[in-house]
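Engineer: Structure provided below as structure tokens; questions to follow.
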Amino acid sequence: MINDKMGAKELPMAGIILKDGNSEQVKTGEWRNQKPIHILENCKHCMLCVMPCPDNAIIHDEDDKMLGFDYDACKGCGVCAKVCPFKAITMENE
Amino acid sequence: MIRERLSGNEAVAFAMKQINPDVVPAYPITPSTEIPQYFSSFVSNGTVDTEFIPVESEHSALSACIGASAAGGRVMSATSSQGLSLMYEMLYIASGMRLPIVLTCVNRAVSAPINIHNDHSDSMGVRDCGFIQLYCESNQEAYDNIIMAVKIAERSMIPVMVCYDGFITSHSVENIELLEDSVVKDFVGKYEPKHYLLNPNEFISMGPLDLQNYFFEHRKQLADAMTDSKKIIEEVSEEFAKISGRKYGMFESYKTEDSDACMVILNSSAGTAKVVVDKLREEGLKVGILKPRVFRPLPYKDLTNALRNQKAIAIMDKADSVNGFSGPLYSELSAALYSQSISIPSINYIYGLGGRDVKETDLEEVFRNIIKISKDGKVDKTTNYLGVRE
């Protein structure tokens, strides 16, 4: 695993990524400017928000219980808030 | 040792046959066309195992080289002029990704106006693209440098461009000494990249996004590798001398040991200059020439040391930087001399653009001018255009 304290001599040549499966290390949520808020009392756990999420950022358990958001992955697009028929997701400025 | 008579392009295609690379993607362009042409016949005849990819443009040619090299193959191609210009974007990617591709550049003028003949505008125009650049005077040097380039590239992990003069070298038939197939095969050996995409035991990504926190360090890696490649070029050249008897350095000097006035000149024109040196030596004039072989990395200490005792220098550019000052070789060499605190009166000539014939009498005029400068130390005009009609 590389880090930004490493110098030219230590870093792998030409930025080669030597290990696969590293996309999990990239926090795509870093540049979000609005974040979704889960309003539990309105939520019917219908799972309508899960499918349209482009970042797979809706966290739910095996019994289809909506648990909240993966804010490392969520880019704040607001699709989940738009599709929710029960006003159980609102968008808030970061 | 095999004695033959080959054109420069035939010699390079023959070297490529002996090297037997994994992949050769190429697109034809004058005067380099014969290289992929001859090579594709070797592919058709089954004399090589190479995957030959006839692509739709030079941009695609170098892109395919990059893909094949990243996959782990030994890769070669050839181009000229506009073809090299069209490769421009991919040249930086090849070097930035540290892929040891060997590219032959048969030097030709760059449009406009359109012209198919020789000058060095193409390779000089991409001198900062991160390729090692080797320049060749003759067919023999082209053949030898192509074989050495494979090893130099793979040891330094920097792509190598081998440059020689279009038509003058590429199409003229000269006597040449070729190495046995097995000698070349043993010399280049098997390419064993440390990391490559088709390795089933390692799952890597190459050429990823590289932003503010890392890009600078990766460029420094390339810069260091370019500096260090000088030693690799010296080592490979020594190893080549053992199998061929032909020794190559960073440059060739001709009668410079006691010369007062020296001409610095690349490629085939150096041959003409040697004839003029011999002629002027008969008159008792102390002249010599220095012919750089390696332009990238610029062996600035070696070159400046070799020039240290001259009283006047003419630096010849077969390419114009169109910068209001001088040609590229002059800009770089005069800066190198200054960096070593060497102050010698020097003059720049732009010559032979678009294949304008450079005769002995033209170069004699230059020598007579620097002989004069070596005596009075006066340079009237730094940059001059040799033989142009004003």
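All of the numbers you see were taken from the coordinates with simple rules; none came from a lab. Here the structure is a predicted model, which means the values were calculated and not measured. Reconstructed Cβ throughout: ideal geometry from the backbone, glycine too, with neighbour counts over all protein chains shown.
Engineer: Give the residues of region B:194-221 that are within 17 Å of B:Y92 (Cβ to Cβ), among the aliphatic types (A, V, I, L, M) and facing chain A (nearest Cβ under 7 Å), sorted by residue number.
Structural biologist: The answer is B:M206, and nothing else.
Engineer: Quick check on this structure: which one of B:V236, B:V287 is away from every other protein chain (no Cβ under 14 Å) and either charged (D, E, K, R) or more than 19 Å from the chain's Cα centre (by Cα) (or both)? Walk me through it before giving the result.
Structural biologist: On the way: B:V236 fails: either charged (D, E, K, R) or more than 19 Å from the chain's Cα centre (by Cα) (or both).
The conditions single out B:V287.
Engineer: Can you find a residue that is among the hydrophobic types (A, V, I, L, M, F, W, C) and in contact with an Asp or Glu (Cβ under 9 Å, 6 or more places away or on another chain) anywhere in region B:224-231? Walk me through it before giving the result.
Structural biologist: Let us first name the residues in region B:224-231 that are among the hydrophobic types (A, V, I, L, M, F, W, C), namely B:225-226.
Next, from what is left, pick out any that are in contact with an Asp or Glu (Cβ under 9 Å, 6 or more places away or on another chain): none.
Scanning region B:224-231 turns up no residue that is among the hydrophobic types (A, V, I, L, M, F, W, C) and in contact with an Asp or Glu (Cβ under 9 Å, 6 or more places away or on another chain).
Engineer: A follow-up question, please. Restricting attention to region B:33-59, report how many residues are outside any helix (DSSP H, G or I), closer than 14 Å to B:A15 by Cα and touching a strand residue (DSSP E or B) at 6+ places or on another chain (Cβ under 8 Å).
Structural biologist: 1
Engineer: Let me ask something additional. Looking at region A:13-33 only, could you name the residues that are more than 8 Å from every other protein chain (Cβ to nearest Cβ) and buried (at least 16 other Cβ atoms within 10 Å of the Cβ)?
Structural biologist: A:G29, A:R32
Engineer: Going through B:M226, B:M250 one at a time, which residue ends up being farther than 20 Å from B:T361 by Cα, within 14 Å of chain A (Cβ to nearest Cβ) and touching a residue at least 24 places away in the same chain (Cβ under 8 Å)?
Structural biologist: Exactly one residue qualifies, and that residue is B:M226.
Engineer: Moving to a separate point now. Against the definition (within 16 Å of the chain's Cα centre (by Cα), closer than 19 Å to B:P297 by Cβ and within 14 Å of chain A (Cβ to nearest Cβ)), how does B:G130 come out, yes or no?
Structural biologist: Yes: the conditions hold for B:G130.
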